[in-house]
Structures are given as structure tokens and as C-alpha cells.
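Here the structure is laid out as C-alpha cells; the discussion comes afterwards.
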Amino acid sequence: MNKLVATISFSFIINSFAFSQAPPKPYGALPTKAQLKWHEMEMYCLIHFGVDTYTDKEWGYGDEDPAILNPVHFNAEQIVGAAKAGGFKGVVVVAKHHDGLCLWPTKTTEHNITKSPWKNGKGDIMKEYRAACDKLGMQLGVYCSPWDRNNPQYGIPGYITIYRAQLKELYSNYGSLFISWHDGANGGDGYYGGARELRKIDRTNYYGWDSTFAITRSMQPSAVIFGDIGPDVRWVGNEEGYAGETCWATFTPQAPDEGKKPANGYVKYWLATEGTKNGDYWMPAECDVPLRPGWFYHASQDEQVKSPYTLLDLYYKSVGRGAGLDVGIAPNREGLLQANDVTALKQFGDLLRQIFKTNLAKGARFTASNIRGNSAAKYGPAFLTDNDRYSYWATDDAVLNPQLIIDLATKQTFNVIRLRENIKLGQRITSFAIDAWINSEWKEITTATSIGANRLIRLPQNITTNKLRLRITGAGACIALSDFGLFKEPPHLTAPVISRDKKGQVQIITTAPVASIHYTLDGTEPTLRSAAYDKSFPFVTAGIVKARSFEMNNQASEISSHQFGLSKSGWKIIGLKEMIVAGKPENAIDEEESTFYSTLNDQGLAGISIDIGRTESIKAFTYLPRQDKKTDGIADKYIFSVSNDGQHWEQVAAGEFSNIKANPVEQVIQLDHAIRAQYFRFSAVHVISGNGFTVAELGVITE
């Protein structure tokens with residue numbers, strides 16, 4: 001009897017020890033409460049609307065008359081509702097862009113919404129977005145541009161008082177905000193109250209960011225602060241919507257000089273894309289990307305809205321890599337999202353809901369090689385499918401490379417795998433591998449690195465199995481894994497790719513064989529009754545080509561669309577006989593985006609003149625910058641001239657390509673009126689960097 005009592009007592013002591021096992025110690029930099037909420041949102045939209053919507057530009061100069069802004073059918077609920085349908089959890093309103101016009105009735109400047117005819121000067125766009133978010137259960141954020149090309153005090157200390165007062169108005173009058181958003185566009189030429197001059201600022205010290213951000217912390221404590229280098233959320237370093245395949249939530253900003261830490265606010269953006277393993281700060285990446293090529297609405301881009309599957313791909317490459325996805329949406333001049341935008345968002349949201357509705361790992365039996373303190377009730381792998389991001393499977397401190405067997409009740413077919421860590425304890429896992437039990441043996445199906453708040457593995461093919469094995473191959477501390485999921489993305493046809501060569505021949509190709517491809521030339525939706533594509537065809541006029549792939553079961557792909565300018569068949573470069581150039585002039589009109597004409601290291605800034613072979617009525621021109629991720633020679637200021645004899649030239653347009661450094665997409669510049677000409681000349685007035693200019697493609701759009 002005494003022996004039995006002793007045995008029971010010993011077991012009680014062992015079990016008590018197991019259940020009293022302390023949780024893992026936090027590892028490295030940790031997220032704040034506000035950052036945790038930001039991670040949980042995953043996606044939000046950035047709404048650009050203002051005078052640029054009416055001037056067809058990306059950045060206003062600051063001299064725009066507020067009277068041009070009159071969104072007679074403005075409907076914040078339609079815009080916020082479209083974002084919600086897309087699966088987004090909030091919206092960030094651009095309350096003031098670089099042009100300086102405030103979209104709320106501010107007391108800090110006369111340059112505000114009260115000078116607009118909209119609602120007889122009584123409107124408040126911020127207030128309407130607040131009401132729409134409250135009604136639809138969405139969160140609200142705000143962006144007030146620090147650069148103000150209208151304000152006469154910009155560049156001197158007095159403006160900082162104005163800017164901080166604007167933030168205080170936004171923080172105090174529009175409820176709780178989830179983010180205060182800031183970007184890196186600061187200083188340059190502008191109107192500045194009529195001075196019309198170039199003003200440069202020390203972007204590190206001018207704004208007094210420590211004091212400015214202290215206002216945010218005080219007035220909006222639940223908001224994260226986004227900026228190029230945080231302090232809470234960092235810019236990923238591109239405006240294409242993706243993070244690095246390895247993407248750490250921690251980050252140590254670096255100065256331009258190798259190995260030096262920043263005190264000057266600079267950052268190497270390619271490091272921001274990946275982050276810093278074991279970085280000094282918890283500073284996850286935001287991946288921002290416009291739904292259209294540009295951030296503001298341009299009618300010329302109505303057929304260039306990103307497709308649902310394009311957005312899905314960006315979701316995997318942003319949210320699926322532990323970052324956040326910020327998609328730019330742009331209401332039109334009526335104050336509404338255009339139908340194509342609404343449809344794309346809705347279909348994207350439908351895809352997300354369809355894919356992630358059912359976790360095929362739910363109900364699986366998990367067998368772990370190690371459980372912390374041998375306490376399955378507290379740290380066991382059953383927590384991996386309980387829909388709680390912060391309950392977790394943990395191992396003993398010394399166990400950094402555990403394995404987990406996932407025994408599914410029946411064979412399942414999947415192509416997406418999801419893992420998450422309990423990031424309240426830091427980002428701990430550095431690499432892992434997953435095997436599937438196929439043909440009576442383990443077969444490795446994927447490997448990856450960082451996990452953090454979210455990791456989605458999109459497999460190249462379907463996997464069917466009843467058993468999986470997760471191997472943690474690298475970790476900085478014992479693991480704290482909170483989620484394991486298996487999902488099935490539905491099959492779909494890849495949309496065809498439309499291109500045109502210099503001879504004006506259009507080609508439509510697919511990455512895999514399909515039953516048929518059908519196309520239209522009048523802007524209508526391709527159906528099985530539309531023209532069937534079997535070989536290239538001539539299309540020398542300006543216009544839009546749409547195409548779609550079909551399978552035997554009438555399954556259809558998304559619609560591809562390409563807006564073409566005038567065909568470049570017969571075009572010639574003129575006036576360059578004496579020049580020796582680094583890149584062939586013909587590259588500017590060869591219909592090949594990967595090639596470019598360059599005067600770098602040769603002629604400096606110059607122009608390129610083109611004979612289009614016949615007189616045409618030109619209503620717009622296009623400039624595509626080099627597409628190799630480099631910025632040397634990209635023009636950000638231009639002059640466009642025309643001629644009827646190649647000798648006497650008339651300047652018909654001049655201006656800037658705003659934001660072209662961060663978003664190097666094709667620039668479409670509408671002329672004030674159509675003009676008949678046979679020759680045109682493009683001249684670079686200023687470039688982002690380098691001692692010459694480059695151009696991938698030039699084109700014209702005709703009536």
C-alpha cells in the first residue's frame with residue numbers, strides 16, 4: 001500500500017511539473033498590440049482621389065483650382081463596400097496628397113474642400129468615409145502628405161506647425177484609426193503660394209518626426225505608423241505588391257554606407273523587401289500596389305485593372321510571406337469606383353473565401369517528436385487547427401529541429417499550405433520542409449524559410465495524400481507554431497497574353513494548350529461566338545484587343561486586354577546620324593519592353609525624333625521607362641513636340657512623370673487637343689539619375 005501511495009505521489013509530482021512548465025521565453029524583437037492587430041487585418045485599401053483625378057495626373061503641382069473637384073455622385077459606402085467585398089479589412093483615405101488640397105474642412109489652410117462646389121462647399125469626404133466604415137464594419141486609416149506643393153511656408157519651420165495641426169484635426173475628428181500612413185515623397189518643385197520654385201528639405205530632420213509621431217502615439221494609440229522605415233510598418237521597397245520569398249518581420253534599417261546604422265533615415269530598399277533576420281525592431285513590411293497602373297483614376301486605364309488571379313498571386317507574395325497587402329483604389333470623377341474595379345475586387349474576394357473556407361487539415365491526428373514539458377494539453381499540436389492565432393505547439397527549449405506527423409483521416413487533395421507562428425513570442429523559425437507520404441515513402445514537396453505571422457506555400461501541382469510530415473530545419477529558439485492548414489485553390493485557365501510586333505501583327509499566346517482562344521477588337525467581352533484565334537493578324541490602328549481562353553467544358557479564363565496605340569510599322573528614327581549611342585535608337589519603337597534606347601555615358605539629356613510615315617491626328621503620347629529595375633536615365637520631366645516636315649517643331653506638351661521612380665509603368669499623356677502631324681519628338685528635361693536618358697518604348701494614340 002505504501003508503495004502504491006509512493007507511485008501515485010511520484011506521478012502527481014511529474015504531472016504537476018509538466019503542467020507547470022513555463023511558456024517559451026520571447027525571442028528577439030516583439031510586436032506591439034497595434035502591430036498584432038495590423039497583422040490580423042492582412043489587407044487594406046489606399047484610396048486616392050483629388051484634383052489629380054480631374055487633371056489626369058499622378059501628382060498635382062499645387063496650383064490646381066479646388067473648383068475642379070466636384071464628385072457629384074460621391075458614394076463612400078460604394079467604395080468601402082467594394083473593398084469589403086474584396087476581403088479587405090479597412091481603407092486608408094488620402095486626406096491630402098502632394099498638391100496640398102485637404103479633403104476635409106480644415107482650419108489650417110484655405111486650400112481645402114470648402115472651396116469646391118461639391119455640396120456647396122459644405123462637404124467633408126473624411127466624415128463620409130468614417131460613416132461608411134462604421135456602417136460596414138471596416139477600419140479607417142489616414143494619409144496626410146507631409147509634402148505640400150501648395151503651401152507657401154513649405155520648406156521653412158512654420159509649415160511644420162501647420163502640418164502637425166492637420167494631423168491633430170484628422171486624429172481628433174474622425175474616430176479611431178488603425179494606421180497613420182506616410183510616404184517618402186518630400187521636397188521638389190511646386191507652386192508654393194505662387195513662388196513656383198524648387199524647394200529642397202532635409203527629410204530626416206525637417207519634419208521632426210520624433211515629435212510628430214509623438215502626436216500620433218498620444219492621440220491615436222491603437223494606430224500603427226507606416227513610413228519608408230517605419231517606425232511600426234516599413235515600406236517593402238517597391239510598388240508592385242510583393243515581398244521577398246524570405247521576408248522577416250524584424251528589420252534593422254541601414255544607411256547608404258555599407259554596414260552603418262541609420263540615424264539619417266535612409267534605407268536600402270532591397271533589404272526592406274526581405275527584412276533583417278533577428279533585426280533590431282519588429283517592423284513588418286507593407287506591400288503597396290495600385291489596382292490600376294496608376295494610383296489616381298485615369299480613364300485610359302479602365303481596361304488595365306488587375307485581374308482577380310493577379311491579385312491572388314500578389315496575396316500569396318505579400319500576406320503569404322508575412323507582410324501586409326495595401327491595394328490602391330481610385331474613384332473616378334463622379335466619386336465612384338468604376339465597374340471594372342468593383343468586379344475585380346468582388347471576384348478576388350470570392351476566390352479568397354472559396355480557397356480558405358475549408359481547412360483540409362481540420363480533424364487530423366498530429367504526432368509531434370517533442371512537446372514542451374510533455375504537456376499536450378498546454379503546448380500540444382492540437383492547437384494548430386483551432387482558429388486561434390496565438391494558441392500554439394511548443395517544444396522544449398533545447399529542441400530546435402522537431403518533426404510533426406499530420407495523419408489525415410482520409411486522402412485529401414490540396415495545393416496550398418499555411419503555417420503561422422505565435423508572433424507574440426517573436427519570429428523564431430528560420431527554415432522548414434514538408435514531406436508527403438506518396439507511394440509508400442516520404443517525398444519532399446516544399447521547403448521555405450521565414451514564417452512569422454503567415455506563410456502560404458502555393459504548390460505548383462495538386463498533392464493527394466493521407467499523411468504529411470513537417471520538419472523544422474532551422475530555428476533561433478524553441479518553436480511556437482500556431483497554425484497548420486491545407487487548402488485547395490480551384491483550377492483555372494490562365495488568361496492569354498496579347499502582344500504586337502513592329503509590323504503591326506498581333507499575337508495571342510497561352511502558357512499551356514487550350515481548346516480555343518477567342519478575341520474581339522471592339523472592346524466587347526470575348527465569347528465562344530467571337531473570332532477564333534489561330535494565327536497572328538494585322539492591327540495597325542489604335543484600339544483595344546481583348547482575348548480569352550476556353551476549354552471543352554466551356555470553362556473560360558479571365559479576359560486579357562491590351563490597349564494599343566498607333567502601329568509602329570514604317571516608323572523611322574531621324575536626326576541621329578552623327579550620334580554614337582549606348583542603346584540602339586530603334587529600341588524605342590521596336591514593341592519590345594525588355595529593350596531600351598539609351599544616351600547614358602554619351603550624349604547626356606537629348607531628344608529622339610520619329611517619323612511615323614504619314615500624317616495622323618495625335619491625341620496622346622506614351623512613354624514606357626526601362627523595365628530592368630534600374631532608374632538611370634528614366635525621365636521624370638519631358639517636352640513633347642510635333643512637326644509636319646521634320647524641321648520646324650512645335651512644343652505641344654511639357655510636364656512631369658510623377659511617381660515614375662517607384663512605379664515605372666507606361667505613362668499616357670493626353671494632349672490639350674488633337675493635333676495633326678507626321679513627326680514627333682520626345683525630349684528628356686530631367687532624369688531620376690544618370691547623365692543621359694533612356695526609353696523602352698515611345699508611342700502615340702490617335703483619334
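Computed from the coordinates by the stated procedures, all read-outs in this text should not be read as laboratory data. Not measured: the values here are computed from a predicted model. Glycine gets a Cβ as well: all are built from the backbone with ideal geometry, and neighbour counts include every protein chain shown.
For the reader, a short list of remarks on this structure follows.
- From largest to smallest, the equivalent ellipsoid semi-axes obtained for the range 497-564 from the alpha-carbon gyration tensor read 20, 13, 9 Å.
- Rounded if a/c under 1.5, otherwise prolate or oblate - the range 33-104, Cα gyration tensor axes: prolate
- Taken along the Cα-to-beta-carbon direction at a fixed 7 Å, the label points for I156 and E551 span 6.8 nm.
- In the chain, the longest principal axis of the Cα atoms and the axis of helix 209-219 are about 60 degrees apart.
- When both the range 618-695 and the range 553-569 are represented by their alpha-carbon centers, they are found 26 Å apart.
- Reach of K200 by Cα under 18 Å, taken over aspartates and glutamates that are not fewer than 8 positions away in the same chain: D99, D148, D183, D189, D636, E656
- For the range 157-173, putting each phi into the Karplus relation 6.51 cos²θ - 1.76 cosθ + 1.60 with θ = phi - 60° gives couplings of x, x, 5, 4, 4, 5, 4, 5, 5, 5, 4, 4, 4, 5, 6, 9, 10 Hz, in residue order, rounded to whole numbers and with x for Gly and Pro.
- Additional length obtainable on full extension of the chain from L459 to D534, 0.36 nm per residue less Cα span: 23.8 nm
- Pairs of Cα atoms nearer than 8 Å and 6+ residues apart set the relative contact order; for the range 572-702 it is 39 percent.
- Counting only DSSP beta bridges with both residues in the range 572-702, the antiparallel share comes to about 95 percent.
- Fully extended contour minus Cα-Cα distance, from L671 to D501, at 0.36 nm per residue: 58.6 nm
- ³J(HN,Hα) computed for each position of the range 77-86 - Karplus, 6.51 cos²θ - 1.76 cosθ + 1.60, integer Hz, glycine/proline x: 5, 5, 5, 5, x, 5, 5, 4, 4, x
- Approximating the spin labels as points 7 Å out from Cα along Cα→Cβ, the K467-to-Q412 distance works out to 1.6 nm.
- Relative contact order for the chain: 10 percent, from Cα pairs under 8 Å spaced at least 6 residues apart, divided by residue count.
- Phi to ³J(HN,Hα) by Karplus 6.51 cos²θ - 1.76 cosθ + 1.60 over the range 123-130, Hz, x for Gly, Pro: x, 8, 5, 4, 4, 6, 5, 4
- The DSSP beta bridges internal to the range 612-689 are antiparallel in roughly 95% of cases.
- Separation between Cα centres of the range 407-451 and the range 31-73, rounded to whole Å: 39
- Bridge type composition, the chain - antiparallel percent by DSSP, nearest 5: 75
- Secondary-structure-derived ellipticity at 222 nm for the chain, considering helices only, amounts to -5000 deg cm²/dmol, per-run term -39500 (n - 2.57) for DSSP H runs with n ≥ 4.
- With a Förster radius of 60 Å applied to the beta-carbon distance between E441 and D210, the computed FRET efficiency rounds to 0.55.
- Net lengthening on full extension, K200/N387 (0.36 nm per residue, minus Cα-Cα): 62.3 nm
- Distance from the alpha carbon centroid of the range 182-215 to that of the range 319-362 works out to 34 angstrom.
- Members of K57/K96; K277/K443; K84/K357; K57/K584 lying beyond 20 Å, as alpha-carbon distances in this model show: K277/K443; K57/K584
- For the peptides 318-331, 32-45, residues were scored by their other Cβ atoms within 10 Å and the scores averaged per peptide; the highest-first order is 318-331, 32-45.
- Here the label points at Q651 and T527, each 7 Å from Cα along the C-beta direction, are separated by 5.2 nm in the simple model.
- Contact order relative to length of the range 270-335, as percent, for alpha carbon pairs under 8 angstrom and 6 or more apart: 43
- Residue-count net charge about G121 - beta-carbon cut-off 13 Å; Lys, Arg +1, Asp, Glu -1: +1
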